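Chemist: Sharing a structure here in structure tokens format.
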Amino acid sequence: MELLKKYPKLFQWLFLLVVFFALCFAIDVPETYKFIRGQAEFIKDPNQSTYILFGKEVRYYAFDNFWRLPPLLGWLPIWINDGLFFLLNEWMPMEFWDSATQEYKTRPLVLQISRNITAFMTFLIELIREILLGGVETIVAFTSWNFVSAYPWAKLPGLPWTIVAAGAAILAYKLSGKGLAIFAGLVMIYISVFGQWKPSMQTLSFILVAAPLSFIFGLSLGVMAYKSKRVEKALYPILLVMQTMPQYAVLVPAMVLFGIGDHAAVIITMVVAIPPMILLTLLGLRGVSPEVIEAGKMSGCSNWQLLTEVLIPTARRDILIGVNQVIMVCFSMAVISAFIGAKGLGWNLLLALNQLNIGLALEAGLCISLIAILLDKMSLAWANKQTDYFGNLTFYQRYKNTIFFGGAVVVGMILALAGSFFFKEGFNYLYEVPHNKGISTADFWNKGVDWIFDTFFVYIKAFNTWLITEVLQPMRALYLRMPAVATLVLVVGAGYIIGGIRSAFTVGGLTLFIALSPWWDRALVTTYMATFGVIVSCTIGFVVGTLCQQNTYTTKFMLGICDIFQTFPSFVYLIPVMMLFGVTDTSVLIAVIVYATIPATRYTIEGLRSVPVALHDAATMSGVTKLQRLFKIEFPLAFPHMMLGLNQTIVFALFMVIIGAFIGTEDLGQYILKALSDKAGGGKGLVLGICVAFIGLIFDNLIRTWVEKRKKHLGID
Amino acid sequence: MTDAVIKCESVYKIFGVNAKKMLEEANGNVDAKTFQEKGCIVGVNNASFEVSKGEMLVVMGLSGSGKSTLLRCISRLTDATGGKIFIEGQDLLSLKEKELIELRRNKMGMVFQSFALLPHKTVLENIAFPLLVKGVETENSINKAMDMVKLVGLDGRENYFPRELSGGQQQRVGIARSLAVEPDIWFLDEPFSALDPLIRKEMQDEFLRLQEKLKKTIMFITHDFDEALKLADRIAIMKDGIIEQLDTPAKIVLNPATEYVKKFTEEVPREKVLIIEDVMDAPTSDNLSNLKVSKDEIIENVAEKILSQEKSVGVVDKNNKIVGTVHPSKIIHTVFGGRKENS
Ligand SMILES: Nc1ncnc2c1ncn2[C@@H]1O[C@H](COP(=O)(O)OP(=O)(O)O)[C@@H](O)[C@H]1O
Ligand SMILES: [Mg+2]
């Protein structure tokens, strides 16, 4: 009894676990139960039960309700799909002027809107693309195809790569200085010399449209949410779900609405990139001290001046993190949206991965990552740039960047012209190095992979087999062995113990949604892979983070590494693991672990750093050893912050698990991938995505609630 | 009456959802406790006063007594729940957004406790900010801001960022910024409270020097009674949103209106605050000593001379006419009296 009073929570947990395991043992696996493999769901089977709701037939295998709940939400994807179809093809037909045929046409409103957005996006992308690479589409947009075929000179010539490289370097110099300029120049030269120019510029044009648009929309919506409670309340649930929604899942419904191609990719990228931008804008604006706002008002700012001159610049720190996120998401999406036909490096990367040509994939992946790092650094430098408009500059100083760029343009043109005489066989290397004519290291890498495989095949295979049969299979079986009711009890109980009734209802509701969807088994597999990844990542991240934090240099070094790794698009992580482990679950899990270790490490370091120095000193003065200090003071205090890292780790792990479908996993991701090629996949993709998002949100809710309580308890904020 | 630059008539500020309705129902009889029970916080409770041109009114009170709220009402950073406020005869509460901005751009300047500088702008940019916002050309703004930099003694640091300055220097920037548009009315909300005592004294002296030169109409807020005594023409003492007493420093020290005010005055060295006129008795026909003192002298300055006399000393006005007398015992009583009762 004494003990019970002292540790009430502990006993609550124990009680919960006892109930959970009792349920697990009490409820037997039904004899007919088996994990449904990929294709089986389409087979009509007399053993299946059916029900009809809203005129839609849902087929499923019925089990005891304690074991698996019936998919009462099975109609949802079908229904969403039909809804989308109806909106697009039948709802609100209206007369629209069609300039191509010079007459009015009847079209559903949504379709027309979607067409207009599509046309606008396509125009933007093509404009930038043709400035960089040349082409006729932009001119066509203003005139017609007839015009272009009548006047063959009427096309954008495209810039020689030398000029673009020089331009990038000069821009980098203007923004930051020599270091970044050299880096920018090298990246551009690398891309060109290795024959990745065209796909890189295609990707770049996509990003130069998607990133600024996402930034502008995210910032505006963030400001609106800041100004109006109602907007914020309306946005908040969507933002929450979008934060944990795998980017992959958004592809399908967007494809239904906007078709396939670069424009659809831009729209999807915006859908994914805007939510974090909104959240961070909101966070930043909230953090502006009221006195600064009042000072702005007393200086006589109008509302607009207050916003642009006081609020946004003062909230710059968080807004910048938002920009950084936008850029990361854009590059991530640059790869993922290759699934719906976006051109560029992503396309090459996927193609190469599909053909198991690791070398090619590596080259494309490296290019994407380099451009990502470059843009990230440039945007940071841009935001941190100080205008020195009081200095007395001479004409040359003021315009030297413009002069240099002008010079570069002239030199580049001359070089390109000279090149056209010098290179006779039709490829002008000084204008654009063609895709397959650059230096390629693919063979080297492929040979390397082969060598690794030949040399270490036995060990790798042994490790692989061991991991799969001894660890993964049993773990997966355990997860699948959980009766649905037991899982629900566990989740709701955890919610109650951590956050009371409110939390219990929230997480219970989220779990119930998944349990009632047709994909509970799949969700369990996703959770199992994510859990495995998270456990290993956290262990690694925690140990590495703690070790690095002992020294300022290693701390800086590690944070720098995290920064760089974070900029890599998630797909890039699949390359090296496929190189080593081929197409297996092991590959996915290792990619998950590598990817999810980044936030785990970062938050450990930052958590430990957030411990007040005064406490540190006080502890040292009272004569505790370093180890004691670590365990008695720093860990407990840093723990809330570290738990937020766990949160991120889970989200990262989930994303990677879903992307792992590309290698061939049997979880929710597999179905999302399938929905991509399914005509009626829109609803399915969305609901699957929501299921994954909910898994993330369940953990998110539990962790956040716990952290809040803990922080209050420790009196830190 | 028309020379009142700031004029408040029964100003109320009550925080809470139903504040307005509750205020109407209360019929001018606002009790903080009953309001609090209904979920409303009384910030300012029935404040009425005037500040005339060139005068410095210091509002003094402990933290949470509603000083800042009162100031925010007068600068309309928050809208008063009830009452009327006039700025140079203009009804502040009826001003439209545009007119309000104009008023702030031309007539008002404000200094904040936490400095409230814009972190992304340099000293010079911060000071030029109100001018730029107003639409003054960049070059003129910069020149004007440079004058301000010199005025507050920050020359050579105009290109620093706020984070590179000490607290005192940051507040100098705040002061310079608030003066850049040459406002007639100057609000200061605990400008020196965040500073170290030595720096604070230095800033106070500097502030007095500036005011000597600029002669602004000032509302100055502080929680430090000594600071109030040192700077004020008149002091308003606030408690729980109510102005307990509003008077000249000497009158407050001599005749504290409430127990609350008295507590502050007890520790005050009176000889530094009071002038002879405050303590003199009516002129009598007794024979006086040969010494004569002016009625406007601060006691501290003449105490020694008076104490060296045995008989009463005559007090004279500007025209050298005797208007009263002071007996040395009275001086002793004034200087030590208050504190003796206390100990
Ligand atoms: N925005 C607000 N909402 C609710 N209560 C407030 C608000 N601003 C101030 N108050 C309350 O009004 C009272 C007076 O505050 P304030 O004027 O800031 O005091 P002071 O400046 O004298 O320290 C305090 O009790 C404070 O809690
Ligand atoms: Mg205050």
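Chemist: Compute the separation of the alpha-carbon centres of segment B:63-122 and segment A:523-592 and state it in Å as a whole number.
Modeler: The distance from the Cα centre of segment B:63-122 to that of segment A:523-592 comes to 53 Å.
Chemist: What's the magnitude of the charge dipole for segment A:446-564 around its Cα centre, counting Lys and Arg as +1 and Asp and Glu as -1 at the beta-carbon? Answer in Debye, nearest 20.
Modeler: I would put it at about 220 debye.
Chemist: Is it possible to state the helix-based mean residue ellipticity at 222 nm for chain B, with each DSSP H run of 4+ residues giving -39500 (n - 2.57), the sum divided by total residues, to the nearest 500 deg cm²/dmol? What is it?
Modeler: -12000 deg cm²/dmol
Chemist: Any chance you could tell me what percent of the C-alpha pair distances in segment A:271-319 go past 14 Å?
Modeler: Here the tail beyond 14 Å accounts for 51 percent of pairs.
Chemist: Also, quick follow-up: At most 16 other Cβ atoms within 10 Å and a DSSP loop assignment: could you name the trypsin sites (Lys or Arg not before Pro) in segment B:181-249 that fit?
Modeler: Listed in order of number, the matching sites are B:LYS215.
Chemist: Among all the aspartates and glutamates, which ones have a C-alpha under 14 Å from A:LYS377's C-alpha, if same-chain residues fewer than 8 places away are not counted?
Modeler: A:ASP563
Chemist: Right, next: Give me the angle, in degrees from 0 to 90, between the Cα long axis of helix B:123-134 and the longest principal axis of the Cα atoms of chain B, rounded to the nearest 10.
Modeler: 70 degrees
Chemist: While we're here: Can you spot the aspartates and glutamates whose alpha carbon is less than 13 Å from A:LYS34's alpha carbon? Ignore those fewer than 8 places along the same chain.
Modeler: A:ASP521
Chemist: Would you work out the Kirkwood radius for segment A:279-360? I mean one over the mean of 1/r across all pairs of different Cα atoms, in Å.
Modeler: Computed over Cα pairs of segment A:279-360, the Kirkwood hydrodynamic radius comes out at 15.6 Å.
Chemist: Rounded to two decimals, what is Rg over Rh for segment A:200-271 when you use alpha-carbon atoms and the Kirkwood radius?
Modeler: 1.03
Chemist: What is the distance in Å between the Cα centres of segment A:1-29 and segment A:458-487?
Modeler: 26 Å
Chemist: Could I ask something else about it? Can you tell me the orientation of helix A:229-244 relative to chain A, as the angle in degrees between its alpha-carbon axis and the longest Cα principal axis, to the nearest 10?
Modeler: Orientation of helix A:229-244: about 80 degrees from the principal axis.
Chemist: Could you work out how much longer the chain between A:LEU109 and A:THR552 gets when fully extended? Use 0.36 nm per residue separation minus the Cα distance between them, nm to one decimal.
Modeler: So the extension gain works out to 153.5 nm.
Chemist: Still on this structure, please answer the following. Scanning chain A for GluC sites (Glu not before Pro) in DSSP loops with at most 11 other Cβ atoms within 10 Å, what's the longest stretch left with none?
Modeler: Answer from the scan: A:91-424.
Chemist: Here's another thing I want to ask about it. If you wrap a convex hull around the C-alpha atoms of the protein assembly as shown and split its volume per residue, what is the figure in Å³?
Modeler: Considering the Cα atoms of the protein assembly as shown, their hull volume per residue is 269 Å³.
Chemist: Another question, if that's okay. For chain A, with the dipole built from +1 on Lys and Arg beta-carbon atoms and -1 on Asp and Glu ones, taken about the Cα centre, which of A:LEU175, A:LEU686, A:TYR104 lies farthest toward the positive end?
Modeler: Result: A:LEU175.
Chemist: Next question. Percentage of Cα-Cα pair distances in segment B:71-147 greater than 16 Å, rounded to whole percent?
Modeler: Pairs farther apart than 16 Å: 59 percent.
Chemist: Still on this structure: So, in nm, how far is label B:GLU97 from label B:ARG163 when the simple model puts each one 7 Å beyond its Cα toward the Cβ?
Modeler: 3.3 nm
Chemist: Based on the inverse mean of 1/r over its pairs of different Cα atoms, what is the Kirkwood hydrodynamic radius of chain B, in Å?
Modeler: Mean inverse Cα-Cα distance, inverted, gives 22.3 Å.
Chemist: So how tilted is helix A:197-227 from the main axis of chain A? Cα-based, degrees 0 to 90, rounded to 10.
Modeler: 60 degrees
Chemist: Applying the Karplus parametrisation 6.51 cos²θ - 1.76 cosθ + 1.60 with θ = phi - 60° to the phi angles of segment A:105-111, what ³J(HN,Hα) value in whole Hz is obtained for each residue in order, glycine and proline being reported as x?
Modeler: 10, 8, 9, x, 4, 4, 4
Chemist: Counting just the Cα atoms, what span does segment B:1-98 cover along each of its three principal axes? Round to the nearest Å and put the largest first.
Modeler: 41, 31, 24
Chemist: Projected onto the charge dipole of chain B (+1 at Lys/Arg Cβ, -1 at Asp/Glu Cβ, origin at the Cα centre), which of B:VAL293, B:LEU57, B:GLY82 gives the Cα projection farthest towards the positive end?
Modeler: Highest projection toward the positive end goes to B:GLY82.
Chemist: Then there is this: Under a cut-off of 15 Å between alpha-carbon atoms, report the aspartates and glutamates in cross-link reach of B:LYS292, not counting same-chain residues fewer than 8 places apart.
Modeler: Partners found: B:GLU277, B:ASP281, B:GLU304, B:GLU310, B:ASP317.
Chemist: Here's another thing I want to ask about it. Would you mind getting me the FRET efficiency between A:ASP454 and A:ILE182? Use the beta-carbon distance for r and R0 = 60 Å, nearest 0.05.
Modeler: Here the calculated transfer efficiency is 0.90.
Chemist: Looking at the calculated P(r) for segment A:457-714, what percent of the C-alpha pair distances fall above 34 Å?
Modeler: Looking at segment A:457-714, the distances longer than 34 Å represent 25 percent of pairs.
Chemist: At R0 = 51 Å, how high is the FRET efficiency between A:ILE321 and B:ASN301 if r is their beta carbon distance? Nearest 0.05 is fine.
Modeler: 0.25
Chemist: When the helices in chain A are scored as -39500 (n - 2.57) per DSSP H run of 4 or longer and the sum is shared across all residues, what 222 nm value do you end up with, to the nearest 500 deg cm²/dmol?
Modeler: Dividing the helical sum by the residues of chain A leaves -24000 deg cm²/dmol.
Chemist: Where nothing but the Cβ of Lys and Arg (+1) and of Asp and Glu (-1) is charged, how large is the charge dipole of the protein assembly as shown around its Cα centre, in debye to the nearest 20?
Modeler: 920 debye
Chemist: How much FRET efficiency would the formula 1/(1 + (r/R0)^6) give for B:ASP31 and A:ILE540, where r is the Cβ-Cβ distance and R0 is 41 Å, rounded to 0.05?
Modeler: 0.05
Chemist: Follow-up. Jot down the per residue volume, in cubic angstrom and as a whole number, of the convex hull over the alpha-carbon atoms of segment A:605-710.
Modeler: It comes to 113 Å³ per residue, whole-number rounded.
Chemist: In segment B:271-342, how does Rg compare with the Kirkwood Rh, expressed as the Rg/Rh ratio over alpha carbon atoms?
Modeler: 0.96
Chemist: May I ask you to list the GluC sites (Glu not before Pro) in segment B:96-204 that are in a DSSP loop and have at most 15 other Cβ atoms within 10 Å of their Cβ?
Modeler: Sites meeting the loop and neighbour criteria: B:GLU137.
Chemist: Let me ask another. Can you check what the net charge comes to around A:TYR51, using other residues whose Cβ is under 12 Å from the Cβ of A:TYR51 (Lys, Arg +1; Asp, Glu -1)?
Modeler: +1
Chemist: Points 7 angstrom from Cα along the Cβ direction at A:MET224 and B:GLN309: gap in nanometres?
Modeler: Once both label points are built, they end up 8.0 nm from each other.
Chemist: Counting pairs of alpha carbon atoms under 8 Å apart in space and at least six apart in sequence, what relative contact order in percent does chain A give?
Modeler: 18 percent
Chemist: Considering only Cα-Cα distances, which of the following residue pairs are longer than 27 Å: B:LYS213/B:LYS318; B:LYS84/B:LYS213; B:LYS13/B:LYS53; B:LYS144/B:LYS272; B:LYS215/B:LYS295?
Modeler: Result: B:LYS84/B:LYS213; B:LYS144/B:LYS272 exceed 27 Å.
Chemist: Oh, and also: At 7 Å along Cα-to-Cβ for each site, give me the label-to-label distance between A:TRP97 and B:ALA194 in nm.
Modeler: Reported label-point gap for A:TRP97 and B:ALA194 is 5.8 nm.
Chemist: If I build a Gaussian network model for chain B, linking alpha-carbon pairs within less than 10 angstrom, which residue out of B:GLU266, B:GLU24, B:GLU88 has the largest mean-square fluctuation?
Modeler: The residue with the greatest mean-square fluctuation here is B:GLU24.
Chemist: With viscosity set to 0.692 mPa s and temperature to 37 °C, compute the Stokes-Einstein D of segment B:66-107, Rh being the Kirkwood radius across alpha carbon pairs; µm²/s, no decimals.
Modeler: 310 µm²/s
Chemist: Work through the residues other than A:LEU360 whose Cβ is under 14 Å from its Cβ and net out their charges, Lys, Arg +1 and Asp, Glu -1.
Modeler: Here the charged neighbours net out to -1.
Here, each number is a calculation from the coordinates, and none is a lab measurement. Just so it is clear, the structure is predicted and the values come from calculations on it, not from any experiment. Note that each Cβ is placed from the backbone with ideal geometry, even for glycine, and that neighbours are counted across all protein chains shown.
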